[in-house]
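All remarks here apply to the structure that follows.
Nothing in this text is a laboratory measurement; each read-out follows from the coordinates by a stated rule. Keep in mind the model is a prediction, meaning the values are calculated, not measured. So basically every Cβ, Gly included, is an ideal-geometry build from the backbone, and we count neighbours across all protein chains shown.
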Amino acid sequence: MTYPYQIKTLQQYHGAYKLSEENPEAFWASIADHFIWHKKWDKVLDWNFTEPKVEWFKGGQLNITENCIDRHLATRGEEPALIWEPNNPEERTRVITYNRLHKRVCQVAQMLTNLGVKKGDRVCIYMGMVPELTYAILGCARIGAVHSVIFGGFSAQSIADRLEDAKAEYIITCDGAYRGNKDIPLKSVIDDALIGNKLVKKVIVYTRTRTPISMIKGRDLWWEDEMEHAEQQVEKEGKVSFPAMPMEAEDPLFILYTSGSTGKPKGVVHTVAGYMVWTTYTFVNVFQYQPGQVHFCTADIGWITGHSYIVYGPLSAGGTSLMFEGIPTWPDAGRFWDIIDKHKVAILYTAPTAIRSLMGFGLDYVKDKDLSSLKVLGSVGEPINEEAWQWYFKNIGKERCPIVDTWWQTETGGIMISNLAGVTPHKPVYATLPLPGVHPILVDENGNEITGNSVSGNLCIKHPWPGIIRTTYGDHERCRTNYFSTYPNLYFTGDGCRRDEEGNYRITGRVDDVLNVSGHRIGTAEVENAINMHSGVVESAVVGYPHDIKGQGIYAYVIYEGSHHEENLTRQDILQTVSRIIGPIAKPDKIQFVTGLPKTRSGKIMRRILRKIAEGETGNIGDISTLLDPNVVEEIINGVI
């Protein structure tokens, strides 16, 4: 198998980029031609950023699972599609061939059909990192149901909010999940989330941890029973068959919730054709994937990285995707290196948080591991710092593996700015150059373009790419307001950026009220709302501060009424409240009790001042004369944790 659209040289990159600028429709039509369509498109692209409206390959019909599975069966049927590495290294690895994946996805499609799931219905998936999660996702896509995967670390309240927003009627979950030395009680969290829910009809439960759970008659079903029944239906005369539902190019494929600058999560919607073309194109080019290589993306499928670079991108390219249930530090800090050695991994795609964490354990866990199979290293989720980049390059890649430092977002569907491994140059701490089809622009606060090199500004994109967000589920106005209203006729990323003298891009961090904690976006308003739910809290303000491992930590300033003489206990109570409402991922790293917050006379909290204090830059606070009570600043500085 070869990829006709794979860029092999720097000259080819410049040629592809030039064509994508001059004639984007011809460029993307030539790439889309390499996929299976039931019906070719009538128009490659129709768009405006005012409404916003973006439609790619309009009039085309296809099913993404035929491109991810069926088209590979004749040539790669007995080749591994997925390799599953369990949390416990003593448990058996599972290798799932394309033939086996096809059978299981057909079974899930039949099972969902048996339960009444139809095209367009929303199916919430809340599972551990097991192969059945991939089967569930692709089974939904095969019948045209819209999947909405929720990360296993979210609380019952967060799940309830997402179920309500998506109007989901079906849930697929596990009894529990393993993650390091923890057992996560997924089904009981779902039960709590469903208290008062009148919409959900069926909950399908896969057995993983054999933890005792409640099964509600008429609502809850065992995955194993339903799949066994479906198996008899899809397997006839030794052949497996379940026809894939033809989908319109712009039919929704999935909803994935992400934090924003308000408390309510946004349901980012991606559609079938553009997302498929974009994830496959970026996967093949950024990682310079070669057939037969093992690609190990360490993300959780509950995040966009797992959707795009564990499931859809690698499988559409006919690749072998390694899926890991556990964490990098259990049973010890050599787990990643054991997996690479064991499975002869060629591509490792992980987060700077993981790299920084493993750096802290020293090189004893690396030295005896054979990492010679590695060809490409990748970084995702947040900008990687120079120290972590160099450690990764020298100790893991042995100075022979290029590092692709990828910048992208849930809303972009796939990688936007990155070097192409071994083709375009890498540069420490820089995402480097945009992919063909991505046209970045830096603007000042007023939306004026900042031209030339060696400049900084707010990062926007001026032309749609196939993987761009189409809407926020059930609230298109929110999509317009969040991404397209700040600067007219531009998609605003929310990130600050620097462009160096060679035209390379370096992301400098969020410029809105969103934190990037361990590569996961968390809205400050969402955390503040959760803190304010605690009975003793009057008001709170949350900012980010530099964190050695996470990149950004969460610093909370809290006004607490009454006595808090047992400060540590009160802090624990507040952390428990945040965990219960959002999930452990959003717990503040530091909580400072204060008597007041720096506010303007109109009542706006000056987070700029709080951010400076949290960062330790107390000598560089700036003008505070416009504050209602300037004295509060000195009091906060004196009380810094």
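Hey, how many Å between the Cα centroid of region 281-326 and the Cα centroid of region 345-373?
Cα centroid of region 281-326 versus Cα centroid of region 345-373: 18 Å apart.
May I ask you to derive the FRET efficiency for E22 and E635 from their Cβ-Cβ distance with R0 = 51 Å, giving the value to the nearest 0.05? List each step's numbers first, then the result.
Details: r = 59 Å, r/R0 = 1.16.
Once rounded, the FRET efficiency stands at 0.30.
Show which aspartates and glutamates lie in cross-link reach of K427 when reach means a straight Cα distance below 18 angstrom and same-chain residues fewer than eight apart are skipped.
Straight-line reach from K427, under 18 Å: E382, E386, E387, E399, D405, D500, E501, E502.
Can you work out ³J(HN,Hα) from phi for every residue in region 207-217, in order, using Karplus 6.51 cos²θ - 1.76 cosθ + 1.60 and θ = phi - 60°, giving whole Hz and x for Gly and Pro?
8, 10, 9, 6, 6, x, 9, 8, 10, 7, 4
Output the pairs from K202/K344; K118/K217; K367/K590; K39/K239 with a Cα-Cα distance over 30 Å in this structure; if there are none, say none. The partial results should precede the final answer.
Working: K202/K344 41 Å; K118/K217 23 Å; K367/K590 36 Å; K39/K239 26 Å.
Distance filter (> 30 Å) returns K202/K344; K367/K590.
Mind checking which lysines have their Cα closer than 16 Å to the Cα of K599? Skip sequence neighbours fewer than 8 apart in that chain.
Straight-distance partners of K599: K612.
Using a/c under 1.5 as the rounded threshold, could you call region 515-638 rounded, prolate or oblate? The axes a ≥ b ≥ c are square roots of the C-alpha gyration tensor eigenvalues, and prolate needs a/b larger than b/c, oblate otherwise.
Details: a/c = 1.74, a/b = 1.23, b/c = 1.41.
Oblate shape, in that a/c is at least 1.5 and b/c is the bigger or equal ratio.
Which loop-located GluC sites (Glu not before Pro) does region 501-580 contain, where loop means any DSSP state but H, G, I, E or B and the Cβ has at most 10 other Cβ atoms within 10 Å? It would help to have the intermediate numbers written out before the result.
On the way: sites: E501, E502, E526, E528, E539, E561, E566, E567; in loops: E501, E502, E561, E566.
Filter output for region 501-580: E501, E561, E566.
Using Cα positions and a limit of under 12 Å, work out the aspartates and glutamates in reach of K369, with same-chain residues fewer than 8 apart set aside.
Leaving aside aspartates and glutamates fewer than 8 places away in the same chain, those within reach of K369 are D338, D341.
Any chance you could run the full-extension gain for R92 through K167? It's 0.36 nm times the residue separation minus the Cα-Cα distance, nm to one decimal. Mind dumping the intermediate values first?
Working: separation 75, 0.36 × 75 = 27.00 nm, distance 3.78 nm.
Full-extension gain reported as 23.2 nm.
Calculated from the structure, Rg and Dmax of the Cα atoms in Å equals which of (i) 32.0, 103; (ii) 24.3, 82; (iii) 23.8, 71?
Checked against the structure: label (ii).
Run the numbers for A29 and E561: contour at 0.36 nm per residue of separation, minus the present Cα-Cα distance, in nm.
On the way: separation 532, 0.36 × 532 = 191.52 nm, distance 6.19 nm.
Extra length available between A29 and E561 comes to 185.3 nm.
What does DSSP give for the chain in terms of the percent of beta bridges that are antiparallel, rounded to the nearest 5? Write down the numbers at each step before the final one.
Details: 61 of 100 bridges.
Within the chain, antiparallel bridges account for around 60 percent of the total.
Which of rounded, prolate, oblate describes region 96-245, given a ≥ b ≥ c as roots of the alpha-carbon gyration tensor eigenvalues and a/c under 1.5 marking rounded, otherwise prolate only if a/b is larger than b/c? Mind dumping the intermediate values first?
Values: a/c = 1.82, a/b = 1.42, b/c = 1.28.
Prolate, since a/c reaches 1.5 and a/b exceeds b/c.
Of all GluC sites (Glu not before Pro) in region 426-496, which ones are in loop regions per DSSP and have a Cβ with at most 11 other Cβ atoms within 10 Å? Could the numbers behind the result be given before it?
Working: sites: E445, E449, E477; in loops: E445.
Those that pass, being in a loop and sparsely packed, are E445.
To the nearest 0.05, how large is the calculated FRET efficiency for E502 and L628 if R₀ is 45 Å and r is the Cβ-Cβ distance? Spell out each step's value before the answer.
Working: r = 47 Å, r/R0 = 1.04.
It comes out at approximately 0.45.
Does region 184-259 come out rounded, prolate or oblate, given a ≥ b ≥ c as the square roots of the eigenvalues of its C-alpha gyration tensor, rounded meaning a/c under 1.5 and, failing that, prolate meaning a/b above b/c? Could the numbers behind the result be given before it?
Working: a/c = 2.26, a/b = 1.25, b/c = 1.81.
Oblate is the answer for region 184-259, as a/c is 1.5 or above yet b/c matches or exceeds a/b.
Measuring from a point 7 Å past the Cα of Q11 along Cα-to-C-beta, which residues in region 387-427 have an amide N at less than 16 Å?
423-424
Cα-Cα over 21 Å: which of K40/K266; K103/K236; K58/K264?
On the way: K40/K266 32 Å; K103/K236 12 Å; K58/K264 31 Å.
Violating the 21 Å limit, Cα to Cα: K40/K266; K58/K264.
Quick one: which residues, 5 or more positions from V517 or on another chain, have an amide H under 5 Å from its amide H? H modelled 1.01 Å from N in the peptide plane, none for Pro or chain starts.
I522
Say R0 is 22 Å: what FRET efficiency, to the nearest 0.05, do Q233 and H38 get from their beta-carbon distance? Mind dumping the intermediate values first?
On the way: r = 23 Å, r/R0 = 1.06.
Once the sixth-power term is evaluated, E becomes 0.40.
In region 134-179, what trypsin sites (Lys or Arg not before Pro) fall in a loop by DSSP, with at most 12 other Cβ atoms inside 10 Å?
Numbers: sites: R142, R162, K167, R179; in loops: K167.
Those satisfying the criteria are K167.
Residues of region 417-443 with backbone nitrogen within less than 17 Å of a virtual label 7 Å along the Cα-to-Cβ line of T2, please, listed as ranges.
Output list for this probe position: empty.
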